[in-house]
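Undergrad: One structure coming up, written as structure tokens, with questions to follow.
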Amino acid sequence: MSHPTPRPAAAGPTPPLVRLYRAYCAVVRSLVGTAMLALVAIMMAQVLARYVFGGSLIWAEELCRYILIWITFLSLGLAWDRGEFVALDLLTGGLAQAVQLAIRTVLAVPILWFLWLIGSSGLTYALRFKAQTIPAIDFIWTNLTGGPAGIPITYVYISVTVGCALLAAHVVAGLIVDMIAWRAGRQIHHLPATAQQEL
Amino acid sequence: MTAFFGIFALLLASGTPIALALGIGGAAYLWMSGNWMLALALPQRMMAGIDQFVLLTIPLFILAGALMNVGGLTDRIVVFARAMVGHRQGGMSSVTVLSSGFFAGISGSATAEASALGSILIPTMRRQGIPPAYAAALVGVSSIMGPIIPPSLTMIVYGVLSGASIGQLFIAGVVPGILLAAGLLIYASWRARRDGFPVTERMGWADRRRATLRTLPALILPLIILVGIKGGIFTTTEAAAVAVVYAIIVGFLYRDLTPGKVWEAAIATGIASAAILFITAVANIVAFVFTLEQVPTMVAGGIASITENPWLILLMLNVLLLVLGMFLEPISILILTMPVLLALRQLIGMDPVQFGTMVVLNVVIGMATPPVGILLFIVSGTSQQPVTAVIREALPLIGIALAVLMLIALIPQLTLLLPTLFPS
């Protein structure tokens, strides 16, 4: 099964790029894991609040939705590396590696165009909401400190741009790594596009 | 519109992931049709597609299933199924079908089911002399019970999009799930007798009792979910969180789970859910483009103009969904076709719950049909068998699933009896 491990089989000291990649993976993984467990905790607090304290957490639903949005876009790059994106490789899977690489290079153009489109218009969209704050966080903050936190909802909407940028970086990096591997005569670590969940 | 389908088909055939092929096709269409100023609305459409509270059930139910899996419940389900039917005619192949049925009660996703059960059952069947391609096909097609027997991610998405009650859909899936299991069991034992597959050793009563006790938590979970939702104790979304906590408690009670395993499962689940939710987000772009072009009205009108016979409409609808299912995965199909589906449902006057169960079963069967049958690809990978060999073995099994689809389309009682017995 595939792992988001760096693909070049480097001997000797770890190249700085690989170290950077590992650090990035570790950061995203910790954020995603924490966010997932936070979702479970908030939802359970919600159920408990209703049955034990007879009240409901009015901020829970909103906060959970925002956490889920961030989990989605933050994980896009790692999901790409793990082959979680379903694709049809029945027609291309049997072709020679050089041909496969060529096709993937051509396909990267429309993919990057789409990600640029969504990412840049996502940024424009997010920046329009600088004046609108997140009610759920304001509510919690007011209870804790007496005043609203004033975090604009831009910080939720910007996740689209972050996600597109990460995914674009992974698409390009994956292609470059595979090209290097191919030139060095190594078998391309081609991830079959079937979901490879180790679940 | 032809341009959209042309671009989409070309991208798909050349190996572009479905999510991106959908997005590129939709955006390109917007550009060509002179609606480019609407491109700024696309991120907002994507956001709207996933900014829904009930979609939290997707990562949560996946996490619950993953925790039960790493907590060793998958192995115990297999042992339990072996204790029940391993010594009978079908041997390990019957065990496979039964295990899938039980696993479906802790998992709402067919892909998770195919990968979890495939890694255990395909090697076991192979050791017993069962042809690996057949073993793989059996696991792959049996996995469609995952989204039919509650909980079900596909039903949740259907409920979100159509407004049908998710609780009612869940309970309506029980009988079709049992029918699927029964049909596959009959085929498995017939096949075992024909080809002389061995049976496993009969287990003693002490072992059977032990197997039952150790599997009980997995068997109870669907009941907790159904009773909790139907009884109004918690919402569907909360039910998913309860399932996670239940899985954690059970895992620690049985000493199979460690904090490290929980942490790893949480990360893996977050990443797997991201891919699903991204497709949901992007499919929303295409749905937006379709609506601009009034495609749903045209398709529904087109079908209605061919015939007014509800049975024929039903048949065309199911064929349409099966064809889409060959190229797309369930969630994008539901998002793209929902307006058409709702219009046609009104036209033929079918109950929303029966209609929903039928549509969900139909699109899920698409996961096991070539060329984009993700379940077949997963089991082909696990079994190291060429996907064409797996497809050949899968065909009769898919036929059984289609027969069940036909039954629930024609006989309302199969889906509606339980929901009427237990109204919300």
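What follows draws every value from the coordinates through simple rules; no lab data is involved. The model shown is predicted, which means the values in this text are computed figures rather than measured ones. Heads up, the Cβs are rebuilt from the backbone with ideal geometry, glycines too, and the neighbour counts pull from every protein chain shown.
Undergrad: Determine the shielding of peptide B:238-250 by partner chains: average, over its residues, the number of Cβ atoms on other chains within 10 angstrom of each Cβ.
TA: 3
Undergrad: Related question: What whole-number distance in Å separates the alpha-carbon centres of the stretch B:340-361 and the stretch B:58-73?
TA: Distance between centres, Cα-based: 31 Å.
Undergrad: Report the paramagnetic label zone for A:Trp182: residues of the stretch B:2-36 whose backbone N is under 16 Å from a point 7 Å from Cα along the Cα-to-Cβ axis.
TA: What the label zone holds, given the 16 Å backbone N cut-off, is B:14-16.
Undergrad: Now, a different point. Ordered by residue, what ³J(HN,Hα) values in Hz, to whole numbers, does the stretch B:196-203 give under the Karplus form 6.51 cos²θ - 1.76 cosθ + 1.60, where θ = phi - 60° and Gly and Pro are x?
TA: Each residue of the stretch B:196-203 in turn: x, 5, x, 9, 8, 4, 5, 8 Hz.
Undergrad: Against the empirical 2.2 N^0.38 Å scaling, what ratio does the C-alpha Rg of chain A come to?
TA: 1.28
Undergrad: Ok, one more. Among B:Val141, B:Val286, B:Gln346, pick out the residue whose Cα is farthest towards the positive end of the charge dipole of the stretch B:41-421, where Lys and Arg carry +1 and Asp and Glu carry -1 on C-beta, about the Cα centre.
TA: Positive-most Cα among the choices belongs to B:Val141.
Undergrad: Would you list the P(r) distribution for the protein assembly as shown, with all Cα-Cα distances sorted into 20 Å bins from 0 and each bin expressed as a whole %?
TA: Distribution as computed: 19, 55, 24, 1 percent.
Undergrad: Each residue of the stretch B:45-62 in order: what ³J(HN,Hα) in whole Hz does its phi give by Karplus 6.51 cos²θ - 1.76 cosθ + 1.60, θ = phi - 60°, with x for Gly and Pro?
TA: Result, rounded to whole Hz: 5, 4, 4, 4, x, 10, 7, 9, 3, 5, 5, 4, 4, 4, x, 5, 5, 4.
Undergrad: Name the residue farthest towards the positive end of the dipole of chain B from the options B:Tyr246, B:Leu257, B:Met203, assuming +1 on Cβ of Lys and Arg, -1 on Cβ of Asp and Glu, about the Cα centre.
TA: Toward the positive end, the furthest listed residue is B:Met203.
Undergrad: So which residue, out of B:Leu213, B:Leu405, B:Leu375, gets the largest mean-square fluctuation from a GNM of chain B using Cα contacts under 10 Å as springs?
TA: Looking only at B:Leu213, B:Leu405, B:Leu375, the largest GNM fluctuation is found for B:Leu213.
Undergrad: Any idea how far the Cα center of the stretch A:110-153 sits from the one of the stretch A:14-65, in Å?
TA: Measuring centre to centre over Cα atoms gives 18 Å.
Undergrad: Tell me which residues come under 5 Å, amide H to amide H, from A:Thr133 once H is placed; ignore anything under 5 positions away on its chain.
TA: Answer set, sorted by chain and number: A:Ile153.
Undergrad: Could you tally the net charge around B:Leu12, taking each other residue with its Cβ under 15 Å from the Cβ of B:Leu12, Lys/Arg +1 and Asp/Glu -1?
TA: -1
Undergrad: Ok, one more. If the stretch B:41-421 were replaced by its equivalent ellipsoid, with semi-axes equal to the square roots of 5 times the Cα gyration tensor eigenvalues, what would those be, largest first, whole Å?
TA: 33, 24, 19
Undergrad: Distance between Cα centroids, the stretch B:367-424 to the stretch B:255-283: provide it in whole Å.
TA: So the two Cα centres are separated by 25 Å.
Undergrad: With +1 on each Lys and Arg Cβ and -1 on each Asp and Glu Cβ, and nothing else charged, work out how big the dipole of the protein assembly as shown is about its Cα centre, in Debye to the nearest 20.
TA: With only Lys, Arg, Asp and Glu charged at Cβ, the dipole is about 1280 debye.
Undergrad: Can you work out the Karplus-derived ³J(HN,Hα) for every residue in the stretch B:388-395? Use 6.51 cos²θ - 1.76 cosθ + 1.60 with θ = phi - 60°, whole Hz, and x for glycine or proline.
TA: Each residue of the stretch B:388-395 in turn: 5, 5, 5, 4, 4, 6, 7, 4 Hz.
Undergrad: Within chain B, what's the longest stretch lacking trypsin sites (Lys or Arg not before Pro) that sit in DSSP loops with no more than 13 other Cβ atoms inside 10 Å?
TA: B:1-201
Undergrad: Another question, then. Across chain A, where is the longest run that never hits trypsin sites (Lys or Arg not before Pro) in a DSSP loop with at most 15 other C-beta atoms within 10 Å?
TA: Within chain A, the longest run free of exposed trypsin sites (Lys or Arg not before Pro) spans A:1-127.
Undergrad: Mind ordering A:115-123, A:166-174, B:58-66 by average Cβ neighbours within 10 Å, highest first?
TA: Put in order of decreasing packing, that is B:58-66, A:115-123, A:166-174.
Undergrad: Under 14 Å from a label point 7 Å along Cα→Cβ of B:Glu201: give me every residue in the stretch B:62-91 with its amide N that close.
TA: Within reach of a label on B:Glu201, which here means backbone N under 14 Å from a point 7 Å along Cα→Cβ, the stretch B:62-91 contributes B:83, B:87.
Undergrad: Now a separate question. Who wins for biggest fluctuation among A:Pro13, A:Pro152, A:Pro135 in a Gaussian network model of chain A, springs between alpha carbons below 10 Å?
TA: Answer for the Gaussian network model of chain A: A:Pro13.
Undergrad: OK, next. Among all stretches of chain B without exposed GluC sites (Glu not before Pro) (DSSP loop, at most 12 other Cβ atoms within 10 Å), which one is longest?
TA: For GluC sites (Glu not before Pro) (loop position, at most 12 other Cβ atoms within 10 Å), the longest site-free span of chain B is B:1-200.
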